[in-house]
Amino acid sequence: MVNGIIGVVIAYLIGAIPTAYIVTRLANGKDIRRVGGGNVGARNVFHEVGKWAGVGVGIFDAGKGVAAVAISSWLLDSPQFFVLAAALAAVIGHIWPVYLKFTGGNGLATSIGVLAMLMSRELLIVIALTILLIVITRNPVLSVNISLLSVPISGWFLEKSWVFVIFSVVLLLIMIVNFIPTARAAMVKAGSKENLSAELLRKDKTGGE
């Protein structure tokens, strides 16, 4: 149990590493929270710093999720419950990092990292749905977020343990809770229900993972 708790704490601290903030500071001395959409994530870095910087941040942030699960599962040999808790802690760390006064990214890349380790087949379905939705919406970030809703369903049909299904639901709830302020801001900016979908779907939206 002690190893499990240590794994969860380590996972949070790894997830909380503000990759986008560090890269932006090193690249141009700016605070990523004060430029673009203000999101501490890969997409904002992509727009404000550069394409390769954004890609690098996205890969590293996904790697945080992979590392959190690997350390808890392989290095500390934690029980399954604590491995799943560590995975969630990594995402929570990315969204609410202690290093930046709990202001972080959207948790998308880190979620992909933990899913790659824990629910890889479900992640393949997410990727397929994302490609399809990108063709329809022309919005990669929105497409990925919508596709993630399929994880609990596909997990059920692929005969995953109910523990993994509950884990995926909790993961989605964390991301939804974090998305609520963004949705409210979009509603205010849209000014009407008719403009809301256009505001959320706009192609040049600056956000983050």
Accessible surface, per residue, of the chain when the full set of protein chains is kept, probe 1.4 Å, Å²: 52 Å²
Which of Leu100, Val9, Leu76, positive extreme of dipole for the chain (C-beta unit charges): Leu100
Using θ = phi - 60° and the Karplus relation 6.51 cos²θ - 1.76 cosθ + 1.60, list the HN-Hα couplings for the stretch 145-155 in order, rounded to whole Hz, with x at every Gly or Pro. 4, 5, 5, 4, 5, 7, 4, x, 5, 5, x
Label of the coordinate-derived value, Rg/Rh (Cα atoms, Kirkwood Rh), listed as (i) 1.05; (ii) 0.98; (iii) 1.26: (ii)
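Report the relative contact order of the stretch 35-150, percent, no decimals, based on alpha-carbon pairs under 8 angstrom and at least 6 residues apart. Walk me through the numbers on the way to the answer.
Values: 132 pairs, mean separation 24.9, N = 116.
Value for the stretch 35-150: 21 percent.
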GNM flexibility winner over the chain from Val91, Val135, Val23 (Cα, springs under 10 Å): Val135
When the chain is modelled as a GNM with alpha-carbon springs shorter than 10 Å, which of Gly105, Gly36, Gly113 fluctuates the most? Gly36
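I want to check a number: in the chain, how many lysine pairs have alpha carbons closer than 17 Å, given a sequence separation of 8 or more or different chains?
Working: Lys30/Lys51; Lys51/Lys203; Lys51/Lys205; Lys189/Lys203; Lys189/Lys205.
Going through the chain pair by pair, I get 5.
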How large a share of the accessible area of the stretch 1-118, in percent, is made up of carbon and sulfur atoms when the probe is 1.4 Å and the other protein chains stay in place? 69 percent
Once you've got the GNM for the chain with C-alpha springs shorter than 10 Å, pick whichever of Pro152, Pro79, Pro97 has the biggest mean-square fluctuation. Pro79
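The values are calculated or read from the model by the stated rules, or taken from the named source; none is laboratory data. Here the structure is a predicted model, which is why all the values come from computation and not from measurement. Backbone-built Cβ (ideal geometry, glycine too); neighbour counts: all protein chains shown. Ligands, DNA and RNA are stripped out before the accessible areas are found, and what is left, the full protein with its side chains, is counted by its heavy atoms. Shrake-Rupley method; radii C 1.70, N 1.55, O 1.52, S 1.80 Å.
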